[in-house]
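The values are calculated or read from the model by the stated rules, or taken from the named source; none is laboratory data. Since we're looking at a predicted model, the values are computed, not measured. Every residue, glycine among them, receives a Cβ derived from its backbone with ideal geometry; neighbour counts consider all protein chains shown.
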Amino acid sequence: MDNIVGTKSRLVWVVNLSALALVLLWLFPTFGLLVSSFRDRDQITASGWWKAMFPAEQTLQYRAPGAGDAVDENGVFVISGNVFEGGRGSVKSFGTSARDPGAFPAGETVPADDGADLTVLQNGDFRLTSATEFEGRRGMRIFVTSVTPPRFTFENYGRVLGAEGLGRAFLNTMTVSIPATVIPILVAAFAAYALAWMEFPGRALLVAGVVGLLVVPLQLALIPLLKLHNEIGLGKSYLGIWLAHTGFGLPLAVYLLRNYMVGLPREIIESARVDGATDFQIFLKIILPLSFPALASFAIFQFLWTWNDLLVALVFLGNTQDQLVMTGQLKELMGSRGGDWEILATSAFVTIAVPLVVFFAMQKYLVRGLLAGSVK
Amino acid sequence: MATVTIRNLVKRYREAEVLHGINLDIADGEFVVLVGPSGCGKSTTLRMIAGLEDISGGEVLIGDRVVNQLEPKERNIAMVFQNYAIYPHMTIYKNISFGLRTARLPAAEKDRRIRAVAEQLELTPYLDRKPGQLSGGQRQRVAIGRAIIRDPAVFLFDEPLSNLDAQLRAQTRLEIKKLHQRLGSTIIFVTHDQVEAMTLADRIVIMRDGHIQQIGTPTEVYDHPANTFVARFIGSPSMNLLPGAVTADGGLALDGNGPIAHPAARGLAPGSRVLLGVRADDLRVQSHTGATDKAPGLQLSGRVSVVEPLGPDMLVYLDAGLDAGTQQVIAKADTRQTLRPGDEVTLTAAPETLHLFDEQSGKAVAV
């Protein structure tokens, strides 16, 4: 008995550990994305997101003003200023050549080029003194190794949603996804009830047809459908993409819901019929509430799929600002802003935020609905 | 309240005929139980009366109206199902009120009736709960409540007690019987359990393979089974059936045993094969062998193989002396008798307790 219990608990451990590993596997990058999206652009280049809470040490190059800004103080020519130009930071060390940018600790006075002396204080103030007059319009280069405190900001979000056009794209995606989820559910629920519980000739054939449609790749229909849309005057419009998504989603929706509804106890439906309910009332009052897990799980599927879809949107929607969806916008940002991590991280997080919320809000239905549909 | 008349009812699934022309007249207020082994067509008959199955042939009348083409809701019936079939997403109150949904009654009157029904079935404390929070017996009471709230002409029960445990089953059985006495409505009740059938029914309809075997009151079918099937099906333990033949002088000779006198055998041609039926309760077990008091009726010698004490009495399984113990006979004996496996005993039965069946057709031979 002890043995059996022992083995079982070990197995549970294995399961739990693998679940934990999987969770970490996707939670880690997601969290990194979240942190990165709030960081300052310069700090992203200086250190990884896991160091976001610590001051970042980075080497800055500052070019001092040219000879024109020199001031004559009792025969000594002085150029002064602040290497941070008003920004925050703290100088740890400084140098005068690129080869050794951290040669001297802050506060020290060291000889620089052309017989000048350079002092850089911890707060970034520097003072360049020389007995002779400075020459040249380009000032001297000063290298400082500075320690900047961590800085978190909403600027990235503001920028991405506004200037980079992701806010508008977000609304466009919503405009696509919500009707493209609701319409197929409405249609499929009725169809599934009929296919599951109403006797009519050819029913089995229809079910077989739906199963057959499940395996048809949607790429097959893209061009003919677009041609049809153009011919009947829909063109590239939201109505067009709603219809397209509805069509592509319906086979799975009908199949999933029918299988779930077939599994509901026959007696419940018969009992309602004896109690005087019509087919429509049975559907509305009995079947629909009982099928909620299946409806919810399909809704999640369809929503995530339409939310993440790029292909269908590219075909059935235009490229203009009021039709470009978020995936399309993201793709353009990748091209034009490939190196700007703060933009990309923020965009990515804006994109996954809604699916995450949807998933966490309805995940219990997702699992239950999937199981209920197949295993019963 | 109404009568139910079934005329030549036939059910076919494609080619296969599962119900071969059933005739049944049910009086107003009668409690009729359809009983039989699984697959005998009893549930199909009930579902055809309810309108849940199409009628392939014949007629069903409720009152004096042919209902063949009517939808279930137009037949004014209520049905209680084996697995309750209550709506899991509605409260008990909603469940009971579902049947009243379409009734043209003021809301207050509906509420009053729902509460009255709940009170009757002792469901009042649970009205706001969901079915998931109730026990099996309570759920079945909800299903019954949903049926009686509509005050239908006929109640149909489809094995409503099968999902309950033994104790609850006996209790609910009693409640259904009381309900019938109180409402006085026509009830058609389907079960495979002959004890339920015997205890509940005004009349029992015994079915097998789509045919009615016998219709009668519980006493009739118990005392005068129409054939060997009914004889075996009704009563527990089953009736003993001993093979034999009619002798030349109009008596009866059991295979491997001596001749006995049986008045009914006189009408049969000598040599015809028969089965002699005798219930366990009618057999007397005498523990001494060879005590052949010359009383008329059955006398069998045998050896005890198993004894099953039941409390007040016990079941004795015997290898009767027919053909060197090939025939097993069950008898009921007083627990005060001490019987052990291996004991030699004599079984006797009074002539009026014996039943005679034709071996070929299984039909009872009139006494």
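Figures for the structure shown
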item: So B:Y13, is it surrounded by 22 or more Cβ atoms within 10 Å (Cβ to Cβ), hydroxyl-bearing (S, T, Y) and within 14 Å of chain A (Cβ to nearest Cβ); result: no
item: Residue match in region B:87-103 (condition: away from chain A (no Cβ under 14 Å), within 28 Å of the chain's Cα centre (by Cα) and either under 29 Å from A:P293 (Cα atoms) or surrounded by fewer than 22 Cβ atoms within 10 Å (Cβ to Cβ) (or both)); result: no
item: Top-ranked residue in region A:251-305 [being of a type in the set (K, R) and in contact with a helix residue (DSSP H, G or I) (Cβ under 7 Å, 6 or more places away or on another chain); ranked as farthest from the other protein chains (Cβ to nearest Cβ)]; result: A:R258
item: Meets criteria (over 22 Å from A:W26 (Cα atoms), small (G, A, S), within 14 Å of chain B (Cβ to nearest Cβ) and out of contact with any strand residue (DSSP E or B) (no Cβ under 8 Å at 6 or more places or on another chain)) for A:S336; result: no
item: Close pairs from region B:51-66: first within 14 Å of chain A (Cβ to nearest Cβ), partner among the charged types (D, E, K, R) and exposed (fewer than 14 other Cβ atoms within 10 Å of the Cβ), Cβ under 7 Å, at least 6 apart; result: B:G51/B:E71
item: Within region B:189-219, tally of residues that are more than 24 Å from B:R169 (Cα to Cα) and outside any strand (DSSP E or B); result: 2
item: Matching option when the condition is hydrophobic (A, V, I, L, M, F, W, C) and outside any helix (DSSP H, G or I), among A:F248, A:F200; result: A:F200
item: Identity of the residue in region B:56-92, charged (D, E, K, R) and out of contact with any helix residue (DSSP H, G or I) (no Cβ under 9 Å at 6 or more places or on another chain), that ends up farthest from B:A103 (Cα to Cα); result: B:E59
item: Residue list for region B:15-50, filter: farther than 18 Å from B:T5 by Cβ and either without any contact (Cβ under 8 Å) to a residue 40 or more places away in the chain or not assigned by TED's automatic domain parsing to the domain that holds B:Q194 (or both); result: B:E15, B:A16
item: B:L70 vs. criteria within 14 Å of chain A (Cβ to nearest Cβ), more than 28 Å from B:R169 (Cβ to Cβ), in contact with a Gly (Cβ under 7 Å, 6 or more places away or on another chain) and not β-branched (V, I, T); result: yes
item: Condition broken by B:M79, with the remaining ones in (1) at the interface with another protein chain (Cβ under 9 Å from one of its Cβ atoms); (2) in a loop (DSSP other than H, G, I, E, B); (3) hydrophobic (A, V, I, L, M, F, W, C) satisfied; result: (2)
item: Residues being in contact with a strand residue (DSSP E or B) (Cβ under 8 Å, 6 or more places away or on another chain) and under 23 Å from A:T278 (Cβ atoms) - total across region B:82-135; result: 1
item: Which listed residue, of B:I204, B:I148, is assigned by TED's automatic domain parsing to the domain that holds B:T45, among the β-branched types (V, I, T) and modelled with pLDDT under 90; result: B:I148
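To keep it simple, each residue is scored yes or no on (1) among the acidic types (D, E); (2) part of a helix (DSSP H, G or I); (3) assigned by TED's automatic domain parsing to the domain that holds A:R141; (4) touching a strand residue (DSSP E or B) at 6+ places or on another chain (Cβ under 8 Å).
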| site | (1), (2), (3), (4) |
| --- | --- |
| A:R10 | no, yes, no, no |
| A:N16 | no, yes, no, no |
| A:L20 | no, yes, no, no |
| A:V23 | no, yes, no, no |
| A:W26 | no, yes, no, no |
| A:L33 | no, yes, no, no |
| A:Q43 | no, yes, no, yes |
| A:P65 | no, no, yes, yes |
| A:S80 | no, no, yes, yes |
